[in-house]
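Every number here is computed from the coordinates shown, using simple stated rules; none is lab data. On a predicted model such as this, the values are computed, not experimentally measured, just so you know. Virtual Cβ from ideal backbone geometry, glycine too; neighbours counted across all protein chains shown.
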Amino acid sequence: MDLFSRREFLERSAILSAAAAALGSDVLAADRPAPVATRAGTDKLRVAVVGVRGRGMAHVGGFLGNKGSEITTVCDCDEAVIGPAMKAIEGKQGAPPRYVKDIRRVVEDKTIDVVSIATPNHWHALMAIWAMQNGKDVYVEKPASHNVREGAAMLAAARKYNRICQVGTQSRSNPGMRDSIAAVRGGKIGTVDLAIGLCYKSRPSIGKVDGPQDPPATMDFNLWCGPGPLAAPHRKTKNGTVHYDWHWTWDYGNGDLGNQGVHEMDKARWGLNKKGLPIAAVSVGGRFGYVDDGETANTQLSLFDYGDAELVFEVRGLKTDKYKDVGVGNIFVGSEGMVVCPSYDTGIVYDKGGKEIARFKGGNDQYHFDNFVKAVRSRKADELNADIAEGHLSAALCHLANISYRLGTESPFDRDITAFADCKEAAAAVDRMKAHLKANGVDLAQAVGRVGAKLTIDTKTETFTGSSAAKANPMLTREYRKGFEVKEVV
């Protein structure tokens, strides 16, 4: 069983204790709904899906595909995007759901049992906490949080209010991936002290604009911004305007490391069986190959040191070849072989000589939604495959790497990068990264990237130590707009 008990996590994290104290009585609705367990066992869970463009449609499909749930409410701050969700729900259930624009009205609704969140990252924590404070269970997309302290606050809320909170890292429910991780942790490849996560996914330029762009007229822009700043440039591009390009700006997204990459980061940590933060993290990279309005790295290499194991993670947004037949996935290196996971549901076991000795495959998103509904019914958080305790730590790894990167020193990439000298695999990855950039026509002498600060971490308090602490610790959280605060004791 992977789930952390409340006692285990409280003993490990002083931040969680502080966050739990801060949640106090800050509840929007005075009366919380009765727990699902007190309702008749034949009742269907009444679900509100929040954010229905893109990934939110997978939430719609997941709950429509589960016989124990029904979608009663669709919530999105942009009424122009709700059409496909409303049509799909009416087609399956025979009647359209209610449409609500404001999440605050959703969490106040005593008829709703579950809030399923597929919004931009900067909203995940606040929506989840509001929902749990109001007695609702939560399914929340990856990454669980926009910053490290939000994840701790979400976990505190889940435990304080006895809520079920599943994070949308759906590989954890796929039988093929579960068998693959069991092979990694079960000794089939000997002692495993290295995990490699890869996020090689083409991300084209989002272009440049001369200044702030008007948001869609159908959108409540204040609600969209929520906890983030209100006055920010938004875009009109073929990539989906404000509805997707937010991934590449720090105020709302976390780059591809926290987008696609968090899936592979989660599996890497899962395979290493690490239930805390690393003792150190460092990251280098840049936004290479084009000049646009994006802020996050499209090429990034990160190293996490656990003392007895290392996790190496690569992000590439330019055209690239695979590494060991993996583009988006994981490689686990053991003393007696490797387990290679090239997709969400597949793992291949190789012996020391490179011979395939086992292969596992199978699963889809429905397994994850079904696992969540089962846990909501039983009221047993330890039945979840991706409890918020797990989601918090995996998201936190992405945040740690991005903090290192953002605090880094600007440097041409033709110079030696010594930050990874103590890790053979990471040092080799630096050479591969440089070769990859050259293959894409990037002049390393002219291409300026960031060489990140090596951050040391107090794993009990989830804070930084050492010379970088003064600059790094404030980046564990953010400034929130009035009325949209994720509150905690500092």
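Structural remarks
- Point-to-point label distance, LYS355-ARG105, nm (Cα→Cβ direction, 7 Å offset): 6.6
- Cα-projected label distance for LYS487 with SER335, points at 7 Å along beta-carbon direction, nm: 5.2
- Taking 28 Å as the limit for the C-alpha separation, the pairs LYS67/LYS487; LYS274/LYS352; LYS188/LYS267 exceed it in the case of LYS67/LYS487.
- Based on the reciprocal of the average 1/r between different C-alpha atoms, the Kirkwood radius for segment 314-406 equals 16.2 Å.
- For segment 152-265: rounded, prolate or oblate by the Cα gyration tensor [a/c cutoff 1.5]: oblate
- Cleavage-rule hits (trypsin sites (Lys or Arg not before Pro)) in segment 180-233: DSSP loop, at most 13 neighbouring Cβ within 10 angstrom: LYS208
- The chain: relative contact order as a whole-number percent, Cα under 8 Å and 6+ apart: 20
- In the chain, a dipole from Cβ-located charges (positive for Lys and Arg, negative for Asp and Glu) runs towards its positive end, and of VAL47, TYR161, VAL115 it is VAL47 whose Cα lies farthest in that direction.
- The convex hull built on the alpha-carbon positions of segment 129-175 has an orientation-averaged projected area of 3.4 nm².
- Projection of the Cα convex hull of the chain, averaged over all directions and equal to a quarter of that hull's surface, yields 22.1 nm².
- Projected onto their three principal axes, the Cα atoms of segment 242-310 cover extents of 40, 23, 18 Å, largest first.
- Of all lysines in the structure, those lying under 19 Å Cα to Cα from LYS438, and not within fewer than 8 positions of it along the same chain, are LYS201, LYS319, LYS322.
- Protection-proxy order for peptides 311-319, 247-255, 220-228, each taking the mean of Cβ atoms within 10 Å per residue, highest first: 311-319, 247-255, 220-228
- Model label sites at THR191 and ALA445, defined 7 Å from Cα along the beta-carbon direction, differ in position by 4.6 nm.
- Taking only the C-alpha atoms of segment 332-490, Rg followed by Dmax gives 21.1, 59 Å.
- The chain, dipole about Cα centre (Lys/Arg Cβ +1, Asp/Glu Cβ -1), debye to the nearest 20: 740
- Reachable lysines from LYS101, criterion Cα separation under 23 angstrom, eight or more residues apart if same chain: LYS87, LYS92, LYS110, LYS136, LYS142, LYS236, LYS482
- Options TYR350, LEU437, GLY483, ranked by Cα towards positive dipole end of segment 339-490, top entry (Cβ charges): GLY483
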